[in-house]
Every structure is written in structure tokens, then in C-alpha cells.
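Below is one structure; the comments refer to it alone.
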Amino acid sequence: MTSPDRLAQLKKQVEWYMCDDNLKFDSFFQEKIRANPDGWLAIDHILACPKMKALSAQTEEVIEALKESHLETKVEEGKSLLRRPPTQTLPELQPRPSRKPDKATTEEKQNAAGVIVKISGVPAEASWQDVKTAVIAAAKEKGGVTQKNPVLFCSQVSSEGFVTLVFQPFPDATAIVKSLTLEVNKKALTINVLSGEEAGKALKSLPKFVQDERQKAAKRAQQQAQGRGKGSTAPIKVGGIKFNNIGDVRSRCKSILNTTPDDKLLDPSSTEYTLVCGVLDYHPNAEGKKKGMTGLKVSTLEKGGATSRCFFVVREDGEPAEDFSISKCLDTMMNDPPFIGPNGHVLSKRRQSEREGDGEEKEPGEEAVKKMKETNEEDEKKEKAAAVASSGGDEKM
């Protein structure tokens with residue numbers, strides 16, 4: 001006999017395959033459903049999906065799991081079928097969003113350890129020291145560069161009149177470097193930021209100490225993004241609230257989980273609600289999770305014999321609350337951290353969904369921010385006494 005937990009898991013997965021949020025991108029299922037005059041789909045197609053294979057799902061289990069579902073099932077000519085309600089039309093098919101990071105995001109990550117450039121048009125009488133001096137002066141003139149020497153390495157001038165130069169890491173480096181205007185001996189130079197294979201090839205041609213320094217800088221940048229390691233103070237903004245790093249966001253969310261009573265709704269006007277809602281924006285299925293959302297709460301989830309505490313999305317019209325994983329949200333966030341630039345704006349390429357109609361980021365009032373800071377210490381004390389602190393927080397789909 002199939003356990004209730006397994007049936008619930010299968011029901012949820014199949015309903016996801018057949019919902020608008022999935023079908024609007026699923027050309028295969030749409031083709032099969034439209035090919036049947038009454039909108040029926042063979043359950044075999046569902047069972048062929050990777051997640052259903054991983055669950056070793058059987059046809060009989062799927063049929064049993066869907067007894068309490070809005071989806072219909074039947075057996076016809078020895079074939080098991082399912083369909084959406086006849087009144088529910090299929091969504092318009094859309095191109096599936098690319099999961100690959102955009103070019104700008106990839107370039108920003110690659111340059112986190114220091115921008116690599118090719119500077120061409122160097123006059124024959126000029127030396128590499130002349131180029132380096134011009135670069136340092138131009139960078140400092142732009143502002144935002146605090147290092148005394150922002151250049152890690154500059155190569156000798158080649159016979160073709162160019163140098164390869166590697167910058168030290170600094171905020172907004174890519175944008176600042178691209179905007180530089182260089183001149184040596186009254187002759188304008190051309191500066192090109194290298195990326196991808198071109199940057200990799202240039203780096204391999206440089207001395208080993210440069211490669212080693214870049215590797216160390218890349219590791220430091222990754223640790224800062226994840227809130228780990230010495231100097232992990234890369235500030236970010238989530239839900240309009242500033243944090244030192246993603247590690248602080250994780251700790252704050254865990255604190256809320258461990259100190260909020262079961263089934264208690266978070267106050268929509270609180271910084272706790274604003275933060276959790278901002279984190280939810282980074283869920284891989286944020287659109288589906290937030291559909292029909294009227295609130296957020298903390299409750300206990302039992303799965304596979306284990307008990308954990310999770311955040312739940314509360315929906316309208318009495319629909320069951322749905323849990324979501326803070327870990328999944330933060331893992332996505334780490335791929336494109338919402339760093340705060342010198343002008344106070346978030347540098348993330350994937351912006352959080354804005355919560356105000358004017359499209360501006362919501363900045364919590366001074367009192368709200370003060371309250372958030374004051375409650376951190378209090379929450380830490382509560383965590384030590386909370387019986388659920390040992391559960392380790394959330395984890396689910």
C-alpha cells in the first residue's frame with residue numbers, strides 16, 4: 001500500500017506538470033494534449049519525466065494519487081489517461097527562459113577577481129610604465145577606486161603596440177574600466193575588456209604569480225558572496241534591507257524560522273515579512289510559488305519520517321498553504337548576489353520583483369531598520385531556548 005506522503009508527493013508533481021506555469025513552456029505535453037480531441041494525455045508520458053523516474057512512480061500510484069485532484073483520469077483501450085478539466089484551456093506556448101546567465105552577469109563574475117584588458121595603440125617610444133601610470137591616473141579620476149595601485153600587472157609593450165593589463169578587484173570594476181579614456185604621449189589608446197576564452201588565453205600567457213593572485217582573489221570573491229571567510233562583508237540588499245552578505249540573510253531567515261510559533265502569520269508590515277518575501281523572489285519557481293499569495297507563515301513539515309520547520313505561502317480562497325525552501329532561494333541568489341553599488345543601487349542583473357507600483361526599490365523606514373537590528377540579538381537568545389532549534393531550519397521543494 002502506498003503511503004499518504006508518497007501519494008501527496010506524486011499528486012503535487014503531476015499537478016505541476018499539468019499546470020499553466022509549466023505547460024506554457026512545455027511544447028511536448030502541449031502537442032500531445034492538443035492532438036487528443038478531448039485533451040487527454042497518456043500517463044506513460046508523465047512517468048517518462050526524470051523526476052517521476054527518480055521516484056520510480058507506477059501508473060496505479062498516479063491514478064490513486066489523483067483521486068483527490070482536480071485532474072481527471074480514465075482507462076481507455078487498456079491505456080491510462082489523465083487530463084485537465086475540460087473548461088480549463090491550455091495556456092499560450094512561450095519560449096522556455098534560458099537558464100544560462102546573461103553575458104553581462106557572466107562577465108561580472110569573471111571579472112570579480114580583477115578585470116583583464118588589452119590596451120592597444122601604444123606609441124613606439126612609450127614603455128609599459130607609461131601605460132600603467134596613465135591607467136592608474138584615469139581610474140582614480142573616475143572615482144570609486146580606493147587602492148593606491150589598482151593595477152596588479154602590466155606586460156611589456158609588444159611589437160604590435162599593445163599591453164595586457166590585469167586590474168586588482170574593486171567595486172564596479174567592469175563598468176569603470178570600460179569607461180576609461182587613456183592617453184600616452186598625447187596619443188589616445190584603445191582599451192578592450194577581455195572575457196571568456198580570450199581572457200583565459202591572455203591569463204595563461206602571464207607570469208605564474210599573476211595567475212596565483214587571480215585565483216586567490218576569485219576564491220575571496222566567492223567566499224564574500226556566500227558570506228564566508230575573512231572579510232566577508234560584500235553588502236547586499238534583499239527586500240530593500242541591507243545585509244553584510246548572503247550568510248547574514250541565511251542566519252536571519254533561520255532565526256525567524258526558529259522563533260516564530262507554528263502557523264503564525266508574519267505581519268505584512270514587518271521587516272521579517274519583507275525579508276522573507278524578498279528572498280522568495282529568488283526561488284527557481286517564484287512565479288508559481290507566489291501565485292495567489294495572501295500571506296506567509298512558519299509551520300512544521302513532516303516528510304519521509306523527518307520533521308523540519310519551513311516557511312509556507314498562504315493562499316486565497318482556502319487553498320492549502322505551500323512550503324518553500326529558503327536554501328533553494330539563497331542558492332539562486334548566490335549565482336547573482338544583489339550587491340549594493342556605490343550609488344546605493346543593487347548591481348544584480350536579475351533584479352528582485354519590485355513591490356511598489358513606481359518600480360523603485362522599497363526602502364524600509366528608519367524605525368523598521370532599527371527594529372530589525374534590535375531584534376537580532378533578542379532572536380539569538382530565543383534560538384538557544386527554542387525546542388526546534390536543532391531541526392536546522394527548512395528544506396523542501
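Annotations for the structure displayed:
- Among the residues making up region 289-322, those that are under 21 Å from MET334 (Cβ atoms) and either surrounded by fewer than 21 Cβ atoms within 10 Å (Cβ to Cβ) or of a type outside the set (A, V, I, L, M, F, W, C) (or both) are LYS289, LYS290.
- Flag if LEU55 is within 24 Å of MET1 (Cβ to Cβ) and modelled with pLDDT of 95 or more: no
- Residue count for region 13-48, restricted to those that are among the hydrophobic types (A, V, I, L, M, F, W, C), surrounded by 16 or more Cβ atoms within 10 Å (Cβ to Cβ) and over 21 Å from THR87 (Cα atoms): 2
A quick yes/no check of all residues on (1) surrounded by fewer than 19 Cβ atoms within 10 Å (Cβ to Cβ); (2) free of Cβ contacts under 8 Å to residues at least 60 places away in the same chain; (3) under 23 Å from ALA217 (Cα atoms); (4) not assigned by TED's automatic domain parsing to the domain that holds GLU183:
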position	(1), (2), (3), (4)
ASP130	yes, yes, no, no
VAL135	no, yes, yes, no
LYS140	yes, yes, yes, no
ASN149	yes, yes, yes, no
LEU152	no, no, yes, no
GLN156	yes, yes, no, no
THR164	no, yes, yes, no
PHE167	no, yes, yes, no
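- Per-region count, region 182-201, residues surrounded by 17 or more Cβ atoms within 10 Å (Cβ to Cβ) and closer than 15 Å to TRP128 by Cβ: 4
- Total residues in region 94-136, condition modelled with pLDDT of 80 or more and of a type outside the set (S, T, N, Q): 21
- Residue count for region 169-179, restricted to those that are in contact with a helix residue (DSSP H, G or I) (Cβ under 9 Å, 6 or more places away or on another chain), at pLDDT 90 or above and surrounded by fewer than 18 Cβ atoms within 10 Å (Cβ to Cβ): 1.
- One residue stands out in region 251-274 among those that are in contact with a Gly (Cβ under 6 Å, 6 or more places away or on another chain) and in contact (Cβ under 8 Å) with a residue 60 or more places away in the chain: the one that is nearest to THR307 (Cα to Cα), namely LEU257.
- Among the residues of region 40-67, the ones that are closer than 16 Å to CYS19 by Cβ and in a helix (DSSP H, G or I) come to 7 in all.
The values are calculated or read from the model by the stated rules, or taken from the named source; none is laboratory data. Bear in mind that the values here come from a model prediction, so they are computed numbers and not experimental data. Note: ideal-geometry Cβ built from the backbone for every residue, glycine included; neighbour counts use all protein chains shown.
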